[in-house]
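One structure is given here, and the rest of the page talks about it.
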Amino acid sequence: MLPAPARVEPAAGVEFILTPGTTIRTSPGPEAGAVGRYLAELLRRPTGYPLPVVSAGRPEVPGGISLLLTGDDEASSHPGKPAAGDAGTAEGYRLEITAAGVVVRARTATGLFYGVQTLRQLLPPKIESSRRQAGPWAIPGGTIDDQPRFGYRGAMLDVARHFFAVPDVLRFVDHLARYKLNHLHLHLTDDQGWRIAVDSWPRLTSVGGSTEVDGGPGGYYTKEQYSEIVAYAAARHITVVPEIDLPGHTNAALNAYAELAPDGVAPPEYTGTDVGFSAVAVDSERTYQFIDDVVGEVAALTPGRYLHIGGDEAFTLGRADYTRFMNRVQRIVTGHGKRVLGWHQLAVAEHSAGRVVQYWGTSTEDQTVANAVRNGAKLLLSPGNRSYLDMKYSAATPLGKDWAGLVEVREAYDWDPGDYLAGVPAEAVIGVEAPLWTETIRTVADIEFMTFPRLPALAELGWSPAQARDWADFRVRLAGQGVRWSTAGITFHRSPEVPWA
Ligand code: TNX
């Protein structure tokens with residue numbers, strides 16, 4: 001299983017076998033019912049079984065698969081204790097598999113959903129096929145008690161450098177769901193393109209959306225399309241974190257609206273891959289009106305608590321201007337009811353209630369970040385040399401970059417997020433995120449080649465207890481996932497570090 005569950009007790013010689021008569025029973029209510037239907041949809045095509053989903057408070061007849069929401073009383077008598085506060089409890093589940101049936105118990109539908117992902121991995125790999133396969137469909141017996149170590153487990157997709165249409169993003173969401181990740185960060189704006197419709201500033205997309213790296217056609221999401229991504233992710237218990245990168249990485253916006261540029265002159269469109277050359281006019285009130293409009297519209301479409309404001313690589317601004325600007329942008333974000341997330345350069349700005357800095361450096365020391373944390377910020381870890389999905393695996397990797405180093409699977413796996421940055425206690429770490437920048441990434445196959453197998457490695461760091469981290473064991477479990485990816489049609493890097501079947 002991957003990520004490794006917190007506690008597994010196998011029952012030797014016991015197995016449950018899925019049959020044409022198997023029923024899926026769920027607690028009453030729409031949330032548990034939706035998880036039941038999700039499970040049925042995963043299983044129906046490969047098995048060819050009808051797998052009806054029925055709602056029942058308590059199954060009168062044992063057998064089949066039951067997805068049950070537990071009351072607080074029942075949940076509190078469970079032995080699994082949360083490691084990371086409420087999120088741990090809320091996302092935990094217990095899975096019991098006997099010859100008579102499968103029971104998933106959880107306090108929330110999110111916990112049931114994670115129990116379902118574990119169950120999926122316990123079925124034979126042919127369960128990943130989109131065509132009907134011959135049985136038997138055996139699930140090994142035992143009990144699993146599980147909950148995540150960290151409450152934030154994410155991946156970022158850069159849809160600005162190269163645009164990815166809605167179906168491609170939804171497929172990426174499904175990859176996250178498989179490994180119990182719960183945040184999708186969308187890098188929606190950059191020098192090469194603006195990808196989210198803003199009604200009050202229409203040229204952002206009509207002009208700013210029509211470019212991408214190497215001069216491709218670009219594209220953007222209408223509000224309906226963005227909401228479709230949000231809803232699809234929510235159905236998989238994943239929260240979308242939209243990023244509007246400021247004050248740098250803004251050439252597409254400046255190209256669309258000259259009034260936002262420091263000298264009032266629109267720069268030409270940009271389809272190269274340099275960074276750090278653009279910035280909005282930080283001394284113009286019009287700029288703050290623009291940000292208030294954009295943040296307001298994006299916040300209104302986003303149910304999650306975070307709004308990411310970038311803050312990286314604003315090389316044309318001095319520290320004082322940058323800090324003053326970011327202080328003001330942070331207030332705009334909280335004014336629209338969201339918490340601030342930003343790349344760790346944001347650490348120099350004043351504290352803002354509930355803010356999170358995302359560390360993307362390659363050193364384990366950063367005094368400015370440690371200070372921001374002492375002042376109340378939380379930390380999200382995305383070390384470039386560990387978690388960046390756009391770094392090459394080896395010098396021979398045809399895609400990607402290498403400025404943060406070469407990142408083979410062991411490098412991506414063998415570090416501890418709880419103990420990474422000097423002077424930052426584990427309690428201040430909300431979790432981990434793997435960013436995929438797309439300067440060199442053009443297709444779904446490109447995305448998957450860079451994502452698999454490193455995203456599962458990061459998922460285990462985010463979910464499993466620290467003491468479960470064991471490279472020798474992990475590489476064998478990872479190898480077992482390979483046949484599932486091939487069966488599901490997912491492209492992956494056949495790392496020489498992993499004993500693939
Ligand atoms: C740095 S990481 C960037 C991105 C690039 C990436 C390429 C960060 C916050 N900024 O603009 O796409 O490197 O690896």
Write down the percent of antiparallel bridges among all DSSP beta bridges whose residues are both part of the stretch 146-238, to the nearest 5. 25
Around Arg410, what is the net charge, scoring Lys/Arg as +1 and Asp/Glu as -1 over all other residues with Cβ under 9 Å from its Cβ? -3
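Which of Met391, Met326, Met1 comes first, and how do the rest follow, when ranked by fewest Cβ neighbours within 10 Å? Walk me through the numbers before you get to the answer.
Working: Met391 24, Met326 27, Met1 17.
Ranked by crowding around the Cβ, least crowded first: Met1, Met391, Met326.
Tell me the GluC sites (Glu not before Pro) within the stretch 349-440 that lie in a loop according to DSSP and have at most 14 other beta-carbon atoms within 10 Å. Show your work: numbers first, answer last.
Numbers: sites: Glu350, Glu365, Glu408, Glu411, Glu427, Glu433, Glu439; in loops: Glu350, Glu365, Glu408, Glu439.
Passing both the DSSP loop test and the Cβ count: Glu350, Glu365.
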Between beta-carbons, use under 10 Å as the cut-off and find the net charge around Arg475, counting Lys and Arg +1, Asp and Glu -1. -1
Quote the relative contact order of the chain in percent (integer), defining contacts as alpha-carbon pairs under 8 Å separated by 6+ residues. 14
Treating the angle as unsigned and between 0 and 90°, give the value, to the nearest 10°, between the Cα long axis of helix 30-47 and the longest Cα principal axis of the chain. 70
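Find out how many positive minus negative residues lie around Gly142, taking Lys and Arg as positive, Asp and Glu as negative, among other residues whose Cβ is under 11 Å from that of Gly142.
On the way: positive: Arg7; negative: Glu9, Glu15, Glu96, Asp145.
Net charge in that neighbourhood comes out at -3.
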Round to the nearest 10 and give me the degree value, 0 to 90, for the angle of helix 166-178's Cα axis relative to the longest principal axis of the chain. 50
Going by Cα centres, the stretch 116-185 and the stretch 280-349 are how many Å apart? 33
Relative to the longest principal axis of the chain, what angle (0 to 90°, nearest 10) does the C-alpha long axis of helix 319-335 take? 50
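Can you give the % of DSSP beta bridges in the chain that are antiparallel, to the nearest 5?
On the way: 19 of 64 bridges.
The answer is about 30 percent antiparallel.
Since every read-out is calculated from the coordinates, none of them should be taken as a lab result. Nothing here was measured: the structure is a model prediction, and the numbers come from that model. Heads up, the Cβs are rebuilt from the backbone with ideal geometry, glycines too, and the neighbour counts pull from every protein chain shown.
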